[in-house]
Every structure is written in structure tokens, then in C-alpha cells.
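A short worksheet on the structure shown next.
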Amino acid sequence: MKFERFVVGMLESNSYIIYDEHSLEALVIDPGDESQTLLKYIQKNSLKVQGIVLTHYHYDHIGAVEEIKKKYVCPVYIHKKDAIGLKTPEINHSIGGYRRPVAITADKLVSDGDQIRAGEVILEVIHTPGHTHGSMCLRVVNENIIFTGDTIFDDDLGRTDLEDGSEGEMKRSIVNKVSKWPDDMVIYPGHADHATMAYVRKKNMEFLSLLK
């Protein structure tokens, strides 16, 4: 398994391309913008895109979806509770916050525990509402890696004051799920740098405050 991170768009969102190095089957996680950068990497490495996986519906994570889907005719995955936001520009903030309205109908609606595969790479869905009702993290099966979207970052948590945000849901997600991850688990968030859970437990004050 290999993957590459791309920092894209006005809000410097992280987009990831993860793939099976043998079959070259790939998944694109949160293609937020700069579709040509992502397409260039895919083409350069002869990758076979099997799907686009969205951790949530906000515009800075979905801006390049349409271009990649058109090029590779692949399904778009999102948690079932974020499907409406994905296809509604007023909710995903692509009206006013982006260069154009973005309205996408997902092909595959997933739930907690579902798996998404590309070759031997398997992503397990971990539903972590709080940032949005359908926010999810993606654990790489058989690896100590989780792509966390805007649920948790190296030194803070995703905001809960936008549509579908909930402080109560965020607390439950952190206490019941995220806090259970081992110290050697590495999180790759939707913004900023990756970190081990050991680092999070020492430096992430928002995370620690919810555990009191």
C-alpha cells in the first residue's frame, strides 16, 4: 500500500491518493481542489481509480470530485447522513465560499463498519459525527493509519458551529471511538500535518478537554 498527500485549495485541505502498488488500483480521498494536480499524479503513476471517498461534504473537500469522476467514471462514496449536504450548495458552502456551486449526488452511501476496497487496500468506515452528522474517518485495514477528515487534527478538533455540527456528537465520537485508538496509530487529517495518537494525547488540548 502506498499513498500521497496533496495540499489543495484556498483552505489548504489535504487530499490523499491511496493505492495498491501491485494492482495500481486506487482511491482518492477528499479531492478538494486542483483537479489537474491530482489527475497528473494519477496518470503519471498509471493508477486505476476505483472510487472517490469523502470524509464529509464541505466544499473544501469536494471541489475536484466532478472532474475526477468524469475522467475515471468511478463511484463517489460518502456517509449516508452527509448525502444531502453533498448535493446542496447552500449546505456545503460552495455558494459564496467557493468559485462555483458544487452539487454532487453520491453513488455509494456508507455506514459505520462498511469497507471500501481498491485491490488489496481496504478502508474501514468509522462514523465520527460532530463536524457534520455524517463525518467519518477511514482506517486502513492491517495498517496503523487512519484518515480523519475534519474530525480530529494533530492539535485540535473540527469545528462544530456549522450546519450539521454538534458539540455533543463530537464529544461522543472522541470519547467512544477516537480515544480508543492506540498510541502508535497515525492520523492523517483533512488539514495540517499527520501525528501519532501518542502526540495527540500530549498536545491536543481540545481532545483532552473532552475526556475530562
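Before moving on, here are some points about what is shown:
- Ile42 being buried (at least 18 other Cβ atoms within 10 Å of the Cβ), in a helix (DSSP H, G or I) and touching a residue at least 12 places away in the same chain (Cβ under 8 Å): yes
- Of the criteria (1) surrounded by fewer than 20 Cβ atoms within 10 Å (Cβ to Cβ); (2) in a strand (DSSP E or B), which one Val28 fails: (1)
- Criterion applied to Ile91, Ile68 was being in a helix (DSSP H, G or I), in contact (Cβ under 8 Å) with a residue 60 or more places away in the chain and open to solvent by less than 60 Å² (accessible area, probe 1.4 Å), and the one residue passing it is Ile91.
- Residue within the range 167-180 that is among the aliphatic types (A, V, I, L, M) and touching a Gly at 6+ places or on another chain (Cβ under 7 Å) present: yes
- Hits in the range 162-198 - residues which are of a type in the set (A, V, I, L, M) and under 23 Å from Val8 (Cα atoms): Leu162, Val186, Ile187, Ala192, Ala195
- Residue match in the range 78-88 (condition: of a type outside the set (Asp, Glu), in a strand (DSSP E or B), modelled with pLDDT of 95 or more and surrounded by 15 or more Cβ atoms within 10 Å (Cβ to Cβ)): yes
- Index of the failed condition, Glu167 passing every other in (1) under 18 Å from the mean Cα position of the chain (by Cα); (2) of a type outside the set (Lys, Arg); (3) at pLDDT 95 or above: (1)
- Positions within the range 56-86 being within 17 Å of the chain's Cα centre (by Cα) and charged (D, E, K, R), in sequence order: Asp60, Glu66, Lys69, Lys80, Lys81, Asp82
The values are calculated or read from the model by the stated rules, or taken from the named source; none is laboratory data. Everything numeric in this text was worked out from a predicted model, so none of it was measured. No Cβ is skipped: glycine too gets one built from the backbone with ideal geometry, and neighbour counts run over all protein chains shown. Accessible surface areas use protein heavy atoms only, side chains included; no ligands, DNA or RNA. Shrake-Rupley method; radii C 1.70, N 1.55, O 1.52, S 1.80 Å.
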